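Coordinate-derived values only; no laboratory data. Not measured: the values here are computed from a predicted model. Neighbour counts are summed over all protein chains in view; Cβ atoms, including those assigned to glycine, are modelled from backbone coordinates with ideal geometry.
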Ligand SMILES: [Zn+2]
């Protein structure tokens, strides 16, 4: 049996998961955890909402890829500092 991910591990991977930067196996682990854990699923929904909002905005206003990258990095940095507190 494959190791189940803890909430902490899942939280740490949520950004990469949303950004499709996880390996297939990690992706699966996150997905599995989201299915059994309502806390992480709620957090995922919340983050996914922000992401789709930002993505939609970026798509409406044609921004240069460099700026898009900057925003993406900024978002991730913010999320990282948030997830350190318990
Ligand atoms: Zn969880």
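Could you list 32, 69, 47 in order of exposure, starting from the residue whose Cβ has the fewest other Cβ atoms within 10 Å?
69, 32, 47
Which of 77, 15 comes first, and how do the rest follow, when ranked by fewest Cβ neighbours within 10 Å?
Listed from fewest to most nearby Cβ atoms, that is 77, 15.
Just to be sure I understand: with springs between alpha-carbon atoms less than 10 Å apart, which residue in 63, 54, 30 has the highest mean-square fluctuation in the Gaussian network model of the chain?
Highest fluctuation among the options: 63.
Among 52, 66, which comes first, then next, by fewest other beta-carbon atoms within 10 Å?
The order, fewest Cβ neighbours first, is 66, 52.
For the chain, what is the calculated [θ] at 222 nm in deg cm²/dmol (nearest 500), taking -39500 (n - 2.57) for each run of four or more DSSP H residues and dividing by its residue count?
After summing the helix terms and dividing by the residues of the chain, the value is -26500 deg cm²/dmol.
So for the pair residue 27, residue 39, with labels modelled 7 Å out along Cα→Cβ, what separation do we get in nm?
With each label placed 7 Å out from Cα toward Cβ, I get 2.7 nm.
Take the Cα pairs of the chain, get the Kirkwood Rh, then feed it into Stokes-Einstein at 4 °C and 1.567 mPa s and tell me D in µm²/s.
Answer, rounded: 94 µm²/s.
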